[in-house]
Each structure stands twice: as structure tokens, then as C-alpha cells.
Amino acid sequence: MNYDEIRAQLEKRGYQVSCFATAKEAADYLNREIDGVSVGFGGSVTAEDMGLYESLGTHNQVVSHWHPAEGTTVDEMRMQAMTTDVYICSSNALSKTGELVNIDGTGNRLASMLFGHKKVYYVIGKNKLADTLEDAIFRARNVASPKNAVRLKRKTPCAVTGSCQDCKSPDRMCRGMLILWEKMTSCEAEVVLIDEELGY
């Protein structure tokens, strides 16, 4: 896939952009770039599939609520991850015009995208790409969210039907949506594009 157009759109919006053919190449790059700092993780199947928690943990202080330290709670780990130097996450969708679309239930990932870190990395596989902002919103609601509901065994209509129902279920995960039109002014941000299908 040719990423020149989307790279240009993202760079116009203030992001650094790196492109890689494989997840391994991207992981090797991140391990060179991120060294000797504290690293927080948002809940990301992409980052997990890339083995970033394990590899970065060999030479950084890593914090993830998916890997809670002994004697800590998931919420404590979420809070710790929000105060690290670097934050690694993905997005539910990326439009080819450069907008990042993200849906959350707890909100820790969305909060960290906005403020609190020196740098945020977005690791994004080619399956997350959508032609327009409207297509990206549709993907986040009707592709990513139902798959995550199934993964987490949530009792929501989308876990059954595979599409967003704007449900009122207590198990609803889609409680907030964040659209990043441009890079936030509070930190550096880099989009790492990977020419493989990763995450949801």
C-alpha cells in the first residue's frame, strides 16, 4: 500500500509519521526510539500482538493495566500509565484525510491521547484505514467496537449483531468518542503505520 498521501495529511496536521512493511520492523524501530524512560500502554490489541510490553520492558519502565504489577489494581495501573513519559496506543480508525477516531468506555486511553505525556505513539495497522472521517467513525462503531465487545464478553447488542445499536446496556463500552483533528499542542505525537492487519 502507498502511504504517501496519508503521511502527507498527517504531517500537515502536526504528526511525525513512520511507515513499516511489518509489525516486527515497527517494533524494532520503537525499541530503538524508546529507551530508558517510563512507558504507559493503553488497552491495545495491536501493541499486544507486537509484543511491545515485553520488548520495551527490557530497557524501560513499562506500565499496563493488562499486565498489573503484583499487589496493584487495574485502576491503579491505569492511573500510573497516565503519568509516564511515553504513551503507546492505537486508534479504532484513521481516515486517509488524517483524523484519528477513538472510542472508549473507561476513558484512560482517551485522556492520555490528549494530555500528560512527553510523546504519544499511535501504532496502526492497515485494517484501521478508512477513506473519510465519516467512514472512520463508522468503522470505529461498527467494526472495532463489536469485535472488542465479543473479545471482552460484554452483554451488548453489538456483540450479537456485529453493528452499533446505540445501546443502553450497562455493559456498553462505547461511552465516549474522541476525534483528533490535529496533533494536540501538549506533546509530541507519532503515527506508526504498519502494512499488516493488526488489532481491531
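The values are calculated or read from the model by the stated rules, or taken from the named source; none is laboratory data. Everything numeric in this text was worked out from a predicted model, so none of it was measured. No Cβ is skipped: glycine too gets one built from the backbone with ideal geometry, and neighbour counts run over all protein chains shown. Calculation scope for accessible area: heavy atoms of the full protein, side chains included, ligands and nucleic acids excluded. Shrake-Rupley method; radii C 1.70, N 1.55, O 1.52, S 1.80 Å.
Tabulated data
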{"quantity": "Which listed residue is within 28 Å of Arg175 (Cα to Cα) and either open to solvent by 30 Å² or more (accessible area, probe 1.4 Å) or polar (S, T, N, Q) (or both), from Thr22, Thr106", "calculated": "Thr106"}
{"quantity": "Which listed residue is more than 19 Å from Asp85 (Cα to Cα) and open to solvent by less than 30 Å² (accessible area, probe 1.4 Å), from Leu30, Leu56, Leu52, Leu10", "calculated": "Leu10"}
{"quantity": "Residue satisfying condition, being assigned to a loop (DSSP other than H, G, I, E, B), without any contact (Cβ under 8 Å) to a residue 60 or more places away in the chain and among the basic types (Lys, Arg), within set Lys168, Lys183, Lys147", "calculated": "Lys168"}
{"quantity": "Selection from the stretch 156-183 of residues that are at pLDDT 95 or above and open to solvent by 70 Å² or more (accessible area, probe 1.4 Å)", "calculated": "Met177, Trp181, Glu182"}
{"quantity": "Residue count for the stretch 33-49, restricted to those that are over 15 Å from the mean Cα position of the chain (by Cα) and either within 27 Å of Ser145 (Cα to Cα) or open to solvent by 60 Å² or more (accessible area, probe 1.4 Å) (or both)", "calculated": "3"}
{"quantity": "Thr84 vs. criteria open to solvent by less than 40 Å² (accessible area, probe 1.4 Å) and part of a helix (DSSP H, G or I)", "calculated": "no"}
